[in-house]
Amino acid sequence: MPKTTASTRDADADAPAGPSIYLISPSGAVADPERARRAAGILASLGHPARFDPAALRRSQRFAGTDAQRAAAFTRAAAQDAPVVMITRGGYGLGRLLPLLDFRALARSGKQWVGLSDFTAFHLAMLARAKAITWAGPALLDDFAVDTPADVDEVTLGCFREAMSGALEVVGFKASGPDGVDARGTLWGGNLSVLCAMLGTPWFPKVRGGILYLEDVNEHPYRIERMLVQLLHAGVLDAQQAVVLGYVNRYALAPHDRGYDLPAALKWLRAQTKTPIVTGLPFGHDRPKLTLPHGATVGFATERRHGWLVFDHVNHDH
């Protein structure tokens with residue numbers, strides 16, 4: 001696990017009450033509603049009162065309700081009073097909703113939209129259609145479905161709290177890749193599979209000179225390479241100042257690979273692009289998990305096998 005630092009000390013369970021959270025399920029159905037309710041209780045015990053959207057625990061086939069029901073949850077989330085909107089889980093299904101959502105109206109609501117995985121589609125669309133900052137970060141079941149509040153990862157919780165309060169200034173992490181990177185640009189990206197599926201659509205942002213972060217889960221390294229090659233041939237990689245990889249995990253190699261693994265794929269890719277590719281970002285389907293301001297202007301630097309992301313004070317009102 002990477003050693004990760006945030007700009008202030010780790011948060012603890014006795015911290016003052018934080019912002020309340022409204023929970024939505026824009027993608028896959030919640031398999032165990034009682035587990036989700038317990039996770040919401042954990043959030044509340046940590047100072048973040050949480051309540052579910054009326055459709056959050058519905059099911060329609062593999063989805064958390066019909067497309068119309070899941071799209072309507074965004075409108076309700078924008079109108080209610082909790083400042084933070086967090087997904088219960090990812091999965092698949094948000095891409096079906098993109099034509100149904102008014103991204104400018106959702107941006108005007110001033111909510112802090114938080115999630116990852118399939119929620120990447122929402123992050124990208126909010127940037128492309130409304131130039132809005134959203135938050136790539138924890139999800140209810142991924143990060144708070146634990147036995148006791150003490151079991152919540154301290155870095156994940158502390159970074160989330162700092163991000164929601166506007167206090168997040170810098171995060172550091174152990175990194176591999178080229179030293180001497182010193183860049184400033186739009187932070188954007190997310191789940192690699194979802195991002196590639198958005199390429200060529202009206203909801204894919206055209207970012208030049210950005211800091212592109214990527215993660216994925218349950219994808220063999222050749223599939224990771226294939227998607228990165230797609231971004232390479234589409235001109236996306238060469239248009240960035242840096243590419244930063246988070247967790248790429250939960251895959252199994254086969255005898256046919258004969259030594260081919262993710263490092264081999266990245267070695268080949270680095271020879272194809274001028275854009276530095278750095279690994280080690282604590283983001284994705286594991287812990288600790290940073291909370292990142294998608295669409296914000298950030299600084300990124302590497303030196304002596306460490307990486308740093310430096311954040312301006314993010315305007316939560318967009």
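In terms of packing, defined here as the mean over residues of other Cβ atoms within 10 angstrom, the peptides 210-220, 232-242 line up highest first as 210-220, 232-242. For region 122-147 versus region 205-269, the spacing of their alpha-carbon centroids is 21 Å. Residue-wise HN-Hα couplings along region 168-176, as the Karplus relation 6.51 cos²θ - 1.76 cosθ + 1.60 with θ = phi - 60° gives them from phi, are 6, 10, 7, 10, x, 7, 5, 10, 10 Hz; Gly and Pro carry x. Taking other C-beta atoms within 10 Å as the exposure proxy, L266, L124, L100 rank L100, L266, L124 from fewest upward. Each of R258, R184 has some number of other Cβ atoms within 10 Å of its Cβ, and from fewest to most they run R258, R184. In order along region 203-208, phi translates into HN-Hα couplings of 9, 9, x, 9, 9, 10 Hz, rounded to whole numbers, per the Karplus curve 6.51 cos²θ - 1.76 cosθ + 1.60 with θ = phi - 60° and x for Gly and Pro. For the chain, the relative contact order works out to 22 percent when only alpha carbon pairs closer than 8 Å and six or more residues apart are counted. The DSSP beta bridges internal to the chain are antiparallel in roughly 50% of cases.
Summarising the amide proton neighbourhood of I21: residues at separation of 5 or more, or on other chains, whose placed amide H is nearer than 5 Å comprise A50, R51.
Cβ crowding within 10 Å ranks V244, V278 as V278, V244, fewest other Cβ atoms first. Specify which residue in the list V207, P138, I87 is farthest towards the positive end of the charge dipole of the chain, using unit charges on the beta carbon of Lys, Arg (+1) and Asp, Glu (-1), about the Cα centre. About the Cα centre, the residue reaching furthest to the positive side is V207. Database remark: amide H of A29 closer than 5 angstrom to the amide H of F63, A64 (H placed geometrically; neighbours at sequence offset of 5 or more, or on other chains; Pro and chain starts carry no H). Using C-alpha pairs below 8 Å separated by at least 6 residues, the relative contact order for region 226-318 is 26 percent.
Laboratory data are not the source of any read-out in this text; all were calculated from the coordinates shown. A quick note: this is a predicted structure, and the numbers were derived from the prediction, not measured. No Cβ is skipped: glycine too gets one built from the backbone with ideal geometry, and neighbour counts run over all protein chains shown.
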